[in-house]
Amino acid sequence: MSAQPILVAKNVNKRYGKFVALAGVDLALQPGERRALIGPNGAGKSTFISILGGQQAGGPGSSVYFDGRDISGAPPHRIARMGIGRTFQISRTFRRLSVLENMQSALLASEGGALGLSAARLAALRDPAMQVVEEVGLAASAEHAVDDLSHGDRKRLEFGMVLATKPKLFLLDEPTAGMGLSERSELMEMMVRHTTQREITLLFVEHDIDIVFRFADRITVMARGKVFAEGSPAEIASHAAVQEIYLGTGH
């Protein structure tokens, strides 16, 4: 891994009235690493991810640098075009369109052509869109409406739509939520395989500790809006306070 981080967040803070969601979070990601962000409900994980992706603005003094550029407070579309892609806890797709049409729309938007829709342009995007559909395991459902997909397949589609934009950093917010054990493992294996092949840095929020320890290179533990602990899976597994509070004593 490079000595130069691809993302550096410093003193990221956020208040909602008197409630402190984030109280000065610092985090640095090296290119190509897989970082898990864990902690109890209300720790500030999703708020932090939303600030990195531009869906929310950080409080005074917050700063986020991506690929050497200051992106603090930048809008989501600008951050996405710089190379940060993200998925959400609830899938965001065009549910009445087909899987293939959703993928075409993602490619179109990534080219800056959302307002230049035409039949010819959509046709030109059909083959590259179909390639991504196949890569995420949805070829048999390419012509099906998203409404007809299972929850897991919608997650696959959303991942593929972000993958199609060729991000440098992928933010995953609870990607396996609401899935069975085997489906969670299959989805995460697919996501890690494609991000690793493309040398995409991965930051993911996850409550399934088995998934975290299986797929993360490093783990950041948050509590009450702050970073509580950080280290390799082995270091976090042997961290007494993390065991007691988050993983359960003896695990």
*Unmet requirement for F204, which otherwise passes all of (1) hydrophobic (A, V, I, L, M, F, W, C); (2) modelled with pLDDT of 95 or more; (3) more than 17 Å from the chain's Cα centre (by Cα)*: (3)
*Considering only residues of segment 70-109 that are hydrophobic (A, V, I, L, M, F, W, C) and in a loop (DSSP other than H, G, I, E, B), which is surrounded by the fewest Cβ atoms within 10 Å (Cβ to Cβ)?*
I90
_Looking only at segment 127-136, how many residues end up being outside any helix (DSSP H, G or I) and surrounded by fewer than 16 Cβ atoms within 10 Å (Cβ to Cβ)?_
0
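The values are calculated or read from the model by the stated rules, or taken from the named source; none is laboratory data. This structure is a prediction, so every number in the text was calculated from the model and none was measured. Using ideal geometry, Cβ is built from the backbone for each residue, glycine included, and neighbour counts are taken over all protein chains shown.
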